[in-house]
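Single-structure report; data block below.
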Amino acid sequence: MKDVGRNPLGTVLPAAIILICMMGFLFSPNDPFHVDMSMRFLPPTMQFPFGTDHMGRCILSRILEGGKITLGIVLIGASIVFVLGMIMGILFGQIKSGKGFLLDSVLNAVTALPPIAYLIVFIGAWGNGVFTMIFAVTISLLLRLIKLVKSETEIELTKAYVLSAVAAGVSKPKLLLFHVAPNVTQDALHYICLSCADLIMVITGFSFIGLGLGDNVIDWGMMVSESRNFVLTYPGIMIYPVAFILLSTFSLNLLAREIEKRGEIHA
């Protein structure tokens, strides 16, 4: 049987790209906030590998700093969501009768709203900022993951291996932790990867229209917005951040596809 985890194109490469985009700020060649109007629109050099922007700032350093912020928000929120969503989804999946119906109704109602709606509500209530984005991302993903894991848990609890384990006297905590949880984890990870890719586009889109992370925070969407007036004369100012946005979302989608393929192989 072919092990998908051994395919570097499908797993190692996307993970490496995401890691570089998120942690690359540690190797920034210059201060991403330093302004020098005498260095405006410089072409790529050893000191400025991607050149400089309209304010003489190092484009590469700003892209790496923006990756820390943009991907940091998405991945921190996704990590919290995965832990809470798995726990709550599995626990809710055991609920039956009227309580289960009521819970399904509530989850269906709140997940009917797209993630962008949560961002609009929280930005309107608390203003734009990193904390607001993390909270909005966490809430929008968490509710959907709970619904997914709950549904998967309900299906798993009806399968023969679970019934056999119950007949053998396996305790409920052990049954959920060692039998049910491993069989719903793959779908949860697949969902998280796809959602993270979507949220990168949503966050950069909000920043592009001015509802970003604040005046003193660098992110990719803000870089694209600032470059609009110079795209025809100095296209690299926009091309570089757009390339990193597409590269990170492509990597997450590729990783999600490999997780899906692995689930199909082991099914």
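The values are calculated or read from the model by the stated rules, or taken from the named source; none is laboratory data. Keep in mind that this is a model prediction, so the values were computed, not measured. Cβ coordinates were reconstructed from backbone atoms using ideal geometry, including for glycine residues, and neighbour counts include every protein chain displayed.
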How do the pairs read when you match residues in region 219-248 that are crowded, with 16+ Cβ neighbours inside 10 Å with residues anywhere that are assigned to a loop (DSSP other than H, G, I, E, B) and of a type in the set (D, E, K, R), using Cβ under 6 Å and keeping only pairs 6 or more apart or on different chains? Ile237/Asp53
How many residues are surrounded by 12 or more Cβ atoms within 10 Å (Cβ to Cβ) and over 10 Å from Phe206 (Cβ atoms) if we restrict to region 109-130? 12
State whether one or more residues within region 54-63 are in contact with a strand residue (DSSP E or B) (Cβ under 9 Å, 6 or more places away or on another chain), surrounded by fewer than 18 Cβ atoms within 10 Å (Cβ to Cβ) and under 30 Å from Tyr234 (Cα atoms). no
The lone condition Thr52 fails out of (1) within 16 Å of Leu246 (Cα to Cα); (2) touching an Asp or Glu at 6+ places or on another chain (Cβ under 9 Å); (3) at pLDDT 85 or above is (1)
In region 208-225, which residues are in a loop (DSSP other than H, G, I, E, B), under 15 Å from Arg57 (Cβ atoms) and not charged (D, E, K, R)? Asn216, Val217, Ile218
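So that you can scan it fast, the table gives a plain yes or no per residue for (1) β-branched (Val, Ile, Thr); (2) under 24 Å from Lys261 (Cα atoms); (3) touching an Asp or Glu at 6+ places or on another chain (Cβ under 9 Å); (4) at pLDDT 90 or above:
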site: Ser171; (1), (2), (3), (4): no, no, no, no
site: Val180; (1), (2), (3), (4): yes, yes, yes, yes
site: Val184; (1), (2), (3), (4): yes, yes, yes, yes
site: His190; (1), (2), (3), (4): no, yes, yes, yes
site: Leu199; (1), (2), (3), (4): no, yes, no, no
site: Gly205; (1), (2), (3), (4): no, no, no, no
site: Ile209; (1), (2), (3), (4): yes, no, no, no
site: Gly212; (1), (2), (3), (4): no, no, yes, no
For Ile155, state whether it is under 22 Å from the mean Cα position of the chain (by Cα) and outside any loop (DSSP other than H, G, I, E, B). no
Of all residues being of a type in the set (S, T, N, Q), in a helix (DSSP H, G or I) and out of contact with any helix residue (DSSP H, G or I) (no Cβ under 7 Å at 6 or more places or on another chain) in region 88-140, which is farthest from Gly214 (Cα to Cα)? Just the residue, please. Ser97
Any residue in region 151-159 that is surrounded by fewer than 19 Cβ atoms within 10 Å (Cβ to Cβ) and over 30 Å from Lys96 (Cα atoms)? no
